[in-house]
Amino acid sequence: MEIHNRPIAERIEWLMTHSRSHSETFCSPEASLARERYLAEHTTQLIVLKCMDGRIHIPYATRTPLGIFRPLRNLGGMFNLGWPYLGEVLTHMVQEAVAAGRRSLIFITYHFSQGEESRGCAGFQCDMAAAIRHAYEIRAQVEETFGTLHQTVYPLVCGFETDEDALIIHGIGDAVLNLGTWDDANIARLPHHLQTLLPDMPASIRRDLLPLLIGNLEHIQEMRQTARTLDIEHREWIICIGRGFDFLHIPNIALIIGPYSPDLADPIQKAAGIISANMSKGRIPNDGFLLLASAPYQEMGVDRARATLKSRFLSQFAAKVIASDYPELARKMVVRTAVLNWNTRGLELIE
């Protein structure tokens, strides 16, 4: 459905319907059993650091059940483990896995388009080399935090080619595995190739990485048989701030700002500038845009109350930044504040 040109009220209703549909799919018996079966067969925790771009849908591109990957998303795909909240979230994820006897594989991603440079990551001005350098800087920070032997936490630099959804795995030195250049006939060679590419990766992590790569190969072949529109132009009409936006894996809909950086005003200002430009250039209607804040919770009571306060703070903070820097745009702002039930992935509006 072409939603970008609809009135703002219809766009918001479409978004809420889409969110409910995502939650229903996540909670379905088939999806629930698929997650349980997958986690029983594969013990490695999968974490992915990625851009807010809706095209970067790793579970879809690897044919992995929803809810297996634990995503951390931010505008431009820029992170720094020195940020207090990001470090806290990532460390909690790792320690939670360790307590259950599990290792962690952290995908540190960048993205680009092989067909057109301008379809690359806007956060790095479509400069793929800069995006790769940043990914390796994060990798070094992960090693500084969790160790360089990689026996419990393995930081994996991983490219994502958005035209075909192909993964590019970076190994030792300059070695890479570009799945966009492989085909089904090469699947039997993958285990040996992976061991050569990542010799320091624990065998159990390598074993759990293998089905993701096989799934990606199958996905790429399917993409090549599908007529696909390659979205180029910015048409975002939502600014999301917080966590819990996995249902928004749709290109050119939303700008997602994770609550990780101590300087939240800067990405909010940049996002507001993109929305303002979208309106002024006629890419979206100028009748309004949505500011959506969300914070996840796992338990009722104190945990949900804390998430409610966090989400309210984020929405109020973002609204003030936009009102200060873009007063004309702020008059067209519709604010929605929500919490996300992590167990159902259900978005619950509170204001």
Can you tell which of 283, 189, 133 shows the greatest fluctuation in a Gaussian network model of the chain with Cα springs below 10 Å? 189
Around residue 80, which amide H atoms from residues at least 5 apart in sequence, or from another chain, sit under 5 Å from its own amide H, with H modelled in the peptide plane? none
May I ask you to rank 50, 310 by accessible area, largest first, using a 1.4 Å probe over the protein chains only? 310, 50
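Gain in length, residue 351 to residue 31, computed as 0.36 nm per residue apart minus the alpha-carbon separation, to one decimal in nm? Could the numbers behind the result be given before it?
On the way: separation 320, 0.36 × 320 = 115.20 nm, distance 3.01 nm.
Extending this stretch completely gives an extra 112.2 nm.
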Ignoring ligands, DNA and RNA, please state the percent of accessible area on the chain from carbon and sulfur, probe 1.4 Å. 52
Any idea of residue 322's accessible area? Nearest 10 Å², probe 1.4 Å. 0
Candidates 274, 108, 58, ranked by Gaussian network fluctuation over the chain, Cα under 10 Å, top entry: 274
Report, to one decimal in Å, the Kirkwood hydrodynamic radius for the chain based on all distinct Cα pairs. 21.0
Ignoring ligands and nucleic acids, what accessible area does residue 300 show with a 1.4 Å probe (Å², nearest 10)? 140
Given the C-alpha centroids of region 272-348 and region 84-152, what is the distance between them in whole angstrom? 26
Per residue, how many Å² of accessible area does region 99-224 show with a 1.4 Å probe? 43
Please compute the net charge surrounding residue 316, taking Lys and Arg as +1 and Asp and Glu as -1 over other residues with Cβ under 15 Å from its Cβ. +3
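The values are calculated or read from the model by the stated rules, or taken from the named source; none is laboratory data. Source: prediction; values computed, not measured. Glycine also receives a Cβ, built like all others from the backbone with ideal geometry; neighbour counts cover every protein chain displayed. The area values use the complete protein model at the heavy-atom level, side chains included, leaving out ligands, DNA and RNA. Shrake-Rupley method; radii C 1.70, N 1.55, O 1.52, S 1.80 Å.
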